[in-house]
Amino acid sequence: MYVAVKGGERAIDNAHRLLAEARRGDRSVPEIGTAQIREQLSLAVDRVMTEGSLLDRDLAALAIKQARGDLIEAIFLVRAYRTTLPRFGHSEPLDTAAMQVRRRISATYKDLPGGQVLGPTFDYTHRLLDFALEAEGDGQGEPARPATAPADPDQPMPRVTDIIGGEDLIERNPPQEAGAPVGDLTRDPLNFPAARDLRLQNLARGDEGFLLALAYSTQRGYGRTHPFVGEIRLGEVEVEMVVEELGFAVPLGDITVTECQMVNQFKGSAVDPPRFTRGYGLGFGHCERKAMSMALVDRSLRADAFEEERKGPAQDEEFVLSHSDNVQATGFVEHLKLPHYVDFQAELAFIRQMRAEQAARPETEAAE
Amino acid sequence: MTDNPYNFAYLDEQTKRMIRRAILKAVAIPGYQVPFASREMPMPYGWGTGGVQVTAAILGPKDVLKVIDQGADDTTNAVSIRAFFAKTAGVQTTTATAEATIIQTRHRIPEAPLGEDQVLVYQVPIPEPLRFLEPRETETRTMHALSEYGLMHVKLYEDIARFGHIATSYAYPVEVAGRYVMDPSPIPKFDNPKMDDCPALQLFGAGREKRIYAIPPHTRVVSLDFDDHPFERNRFSQPCALCGAGDSYLDEVVTDDRGGRLFVCSDTDYCEGRREAGHRGHQPGGPERKEAAE
């Protein structure tokens with residue numbers, strides 16, 4: 001019936017109730033708690049925090065529950081909450097060299113100060129479904145406690161890029177300027193070309209799948225960068241912030257981050273000796289795939305800085321930065337399901353008009 | 001409202017100030033796309049976050065708000081946005097075009113003429129009229145700066161060569177105040193003439209693309225065309241089946257699976273107003289219904 005669009009308010013209310021019902025699922029199965037999500041779906045929580053740009057495990061777990069496990073929807077919920085929060089400043093740069101490391105691997109050195117630390121990783125698991133995990137609550141599924149060597153706080157664990165940098169074989173990081181402004185694309189519109197701080201912020205918030213595909217494309221020849229994993233490290237670092245009234249930095253607490261530093265093909269010139277180049281990735285929690293993809297794409301986006309020809313999508317700043325945000329992307333793709341009948345009507349009338357004109361044309365023209 | 005946990009109209013005052021500055025700049029440079037720090041809103045991008053932010057920034061407690069989508073007040077997204085402002089701002093809402101001080105719209109301009117005490121806020125998906133000719137923002141901004149619109153005219157010309165017409169029936173590009181080429185948002189080109197010399201302020205918000213632009217009252221707005229292929233409004237071969245209006249934009253409603261069609265006003269308020277005034281179309285009760293279905 002033509003009045004199908006009427007009663008929108010009631011339809012929306014009912015849709016919300018159906019959604020809540022579908023979220024709950026079979027009521028004979030116990031409801032999942034946000035603490036369970038926080039503790040046992042921790043990598044989903046990490047992803048929602050990273051792409052939602054908000055470090056709060058409880059809110060991320062709540063968002064995942066509310067979103068029925070749809071992580072992009074959960075990221076959206078967290079973003080919409082975050083945008084209501086006041087921004088009162090920015091932290092000092094994290095000192096990841098001082099990280100309390102739980103995992104640290106390097107693909108460029110067999111052994112190095114601090115050693116290779118595997119930590120909690122899927123890397124060497126055999127991907128066989130573990131049916132023991134199906135047995136709920138009978139204690140059978142409880143894993144054995146891991147053997148861990150106590151961390152030796154006196155054992156330094158220098159960053160691999162600092163080791164390479166000690167020989168001046170990798171591009172130098174630009175000097176830190178105290179009090180230099182830090183861009184924030186959630187508070188200012190992104191303009192092109194973007195500075196690297198904004199690029200990295202965009203990539204950190206960017207969709208993991210999108211960055212993964214772009215990073216993969218660089219490995220298959222669409223803007224190759226000859227990368228090595230200099231180092232991936234996971235652990236806790238202290239966040240500090242300078243409080244104006246005090247005049248010095250105060251610690252705010254420890255956060256868990258994953259950092260990936262890629263060591264890429266060298267670049268030199270007539271005056272500068274050749275040096276390796278850098279790609280950088282960082283995210284909240286344990287997010288290796290994201291951090292590695294981010295580091296590869298960061299390096300690819302620096303094509304202009306190294307006078308490389310831009311040949312692949314991953315080297316195209318406007319393309320990458322304009323399409324990386326999954327909340328924006330899903331909104332615009334999904335808005336196509338909103339009514340468009342006014343526009344479609346205009347197209348309908350136009351196509352009928354063109355067809356009528358074609359049919360009215362003399363035979364001779366049609367025969368040609 | 002003491003029981004309201006949100007700031008008036010949801011956005012914090014700092015954000016509103018930022019948006020108002022962008023709006024003022026947009027009004028000062030008609031048709032120019034002003035970048036603004038669009039916020040993440042509690043509804044998805046593509047659902048009108050740009051329009052919602054503009055409305056939130058200009059809304060006052062005494063305003064009367066009307067929200068339409070596809071010309072109708074009762075489409076789901078219009079209902080949702082109206083409810084959002086009723087909840088977060090507690091303002092009076094209306095479906096009557098003449099009563100509204102702010103009208104937020106998606107894809108239509110109301111049929112009733114607007115007055116100088118009204119503001120029309122458009123929801124905009126892609127603010128850049130040159131986007132489908134040149135995907136790069138860096139390029140299109142330069143083209144606007146230099147008034148380099150040759151590419152657009154070539155596109156329109158190629159349409160004529162290929163189809164015999166300019167093949168754009170909605171989001172038909174306009175030139176504003178003799179300077180900027182502007183995307184009027186995906187309104188049917190039927191509505192384009194209403195933008196010209198309009199006494200109401202017209203504001204355009206694109207949330208995902210982070211742009212605001214404006215047409216100040218009584219500004220010249222010209223739909224792009226050629227001397228030998230002048231701009232034409234879409235025409236309908238029949239009047240509204242409900243109210244008999246011959247001057248309104250019509251929605252085509254499929255009434256059965258045997259080719260049955262009904263044409264009715266897309267502007268629901270306009271249609272209802274005419275019927276209240278005694279106008280009748282050829283099927284004033286809508287499609288025939290079986291008694292058993294009642």
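Quick notes on this structure:
- Residue in region B:193-213 that is without any contact (Cβ under 8 Å) to a residue 12 or more places away in the chain and part of a helix (DSSP H, G or I) present: no
- Single residue of B:Leu133, B:Leu114, B:Leu146 found to be in contact with a Cys (Cβ under 8 Å, 6 or more places away or on another chain) and more than 14 Å from chain A (Cβ to nearest Cβ): B:Leu114
- Screening region B:52-159 for strands (runs of 3 or more DSSP E) wholly inside it with 2 or more residues that are surrounded by fewer than 21 Cβ atoms within 10 Å (Cβ to Cβ) and of a type in the set (Asp, Glu) returns no ranges.
- Residue in region B:3-10 that is hydroxyl-bearing (Ser, Thr, Tyr), more than 25 Å from B:His218 (Cβ to Cβ) and modelled with pLDDT of 95 or more present: no
- Qualifying residue in region A:57-64 (condition: over 21 Å from the mean Cα position of the chain (by Cα), away from chain B (no Cβ under 14 Å), among the acidic types (Asp, Glu) and open to solvent by 50 Å² or more (accessible area, probe 1.4 Å)): no
- Any hit, region B:201-220, residues being charged (D, E, K, R), over 17 Å from the mean Cα position of the chain (by Cα), open to solvent by 60 Å² or more (accessible area, probe 1.4 Å) and over 22 Å from B:Gln123 (Cα atoms): no
- Test set (1) on the phi < 0 side of the Ramachandran plot; (2) open to solvent by 20 Å² or more (accessible area, probe 1.4 Å) - A:Arg68 fails condition number: (1)
- Extreme residue, surrounded by the fewest Cβ atoms within 10 Å (Cβ to Cβ), among residues of region A:191-229 that are within 14 Å of another protein chain (Cβ to nearest Cβ) and outside any helix (DSSP H, G or I): A:Pro193
- Annotation note: Cβ proximity below 8 Å between a residue of region B:246-263 that is more than 10 Å from every other protein chain (Cβ to nearest Cβ) and a residue that is of a type in the set (Gly, Ala, Ser) and surrounded by 12 or more Cβ atoms within 10 Å (Cβ to Cβ) (sequence gap 6+ or interchain) occurs for B:Ser248/B:Ser266.
- Within region B:160-172, the set of residues being at the interface with another protein chain (Cβ under 9 Å from one of its Cβ atoms), over 21 Å from the mean Cα position of the chain (by Cα) and open to solvent by less than 60 Å² (accessible area, probe 1.4 Å) comprises B:Gly164, B:His165.
- Every residue from region A:16-29 that is assigned to a loop (DSSP other than H, G, I, E, B) and either of a type in the set (Phe, Trp, Tyr) or loosely packed, with under 10 Cβ neighbours inside 10 Å (or both): A:Asp26, A:Arg27, A:Ser28, A:Val29
- Top-ranked residue in region B:29-44 [being open to solvent by 10 Å² or more (accessible area, probe 1.4 Å) and over 30 Å from B:Gly178 (Cβ atoms); ranked as farthest from the other protein chains (Cβ to nearest Cβ)]: B:Met43
- Any chance B:Arg233 is in contact with a Pro (Cβ under 9 Å, 6 or more places away or on another chain), open to solvent by 20 Å² or more (accessible area, probe 1.4 Å) and under 30 Å from B:Leu24 (Cβ atoms): no
- Residue within region B:217-225 that is away from every other protein chain (no Cβ under 14 Å), modelled with pLDDT of 95 or more, touching a Gly at 6+ places or on another chain (Cβ under 7 Å) and not in a helix (DSSP H, G or I) present: yes
- The residues of region A:81-90 that are open to solvent by 50 Å² or more (accessible area, probe 1.4 Å) and assigned to a loop (DSSP other than H, G, I, E, B), listed by number, are A:Thr84, A:Leu85, A:Pro86, A:Arg87, A:Phe88, A:His90.
- Of all residues in region A:173-190 being within 14 Å of chain B (Cβ to nearest Cβ) and without any contact (Cβ under 8 Å) to a residue 60 or more places away in the chain, the one that is farthest from B:Met18 (Cα to Cα): A:Gly183
- Considering B:Asp74, B:Asp69, the condition of being in contact (Cβ under 8 Å) with a residue 40 or more places away in the chain and among the acidic types (Asp, Glu) is satisfied by B:Asp74 alone.
The values are calculated or read from the model by the stated rules, or taken from the named source; none is laboratory data. As the structure is a prediction and not an experimental result, all values here were calculated from the model. Here the Cβ is made from the backbone with ideal geometry for all residues, glycine too, and neighbour counts use every protein chain on show. Please note that ligands, DNA and RNA were not included when accessible areas were found on the heavy atoms of the full protein model with its side chains. Shrake-Rupley method; radii C 1.70, N 1.55, O 1.52, S 1.80 Å.
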